[in-house]
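Below: the structure, in structure tokens.
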Amino acid sequence: MEALRNLGAPHSRVLRHGTQALIEFSLFVPGDIVVIEAGDRLGADQRVVQASQL
């Protein structure tokens, strides 16, 4: 179980109310826009709505 916990990303950059913030996954709410860059880990329940050079 510990190895599985280490695989997940505990936080990500989120665009909320027009500003970016580093937020733990457990604090995400519907409508948050996750800003990702190369090398970032993502949760399994996220959806790509816009991509550039993906």
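Values for this structure:
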quantity: Lys, Arg +1 and Asp, Glu -1 on Cβ, resulting dipole of the chain about Cα centre, debye, nearest 20; calculated: 80 debye
quantity: Sequence-distant residues sharing a close amide H with ARG16 (under 5 Å, placed H); calculated: ALA21
quantity: Derived scalar couplings ³J(HN,Hα) [the stretch 42-54; Karplus, 6.51 cos²θ - 1.76 cosθ + 1.60; whole Hz; x for Gly, Pro]; calculated: 10, x, 6, 9, 9, 10, 7, 10, 8, 9, 10, 6, 6
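No lab work stands behind these numbers, since they all come straight from the coordinates. Note that this is a predicted model, so its numbers are computed, not measured. Neighbour counts are summed over all protein chains in view; Cβ atoms, including those assigned to glycine, are modelled from backbone coordinates with ideal geometry.
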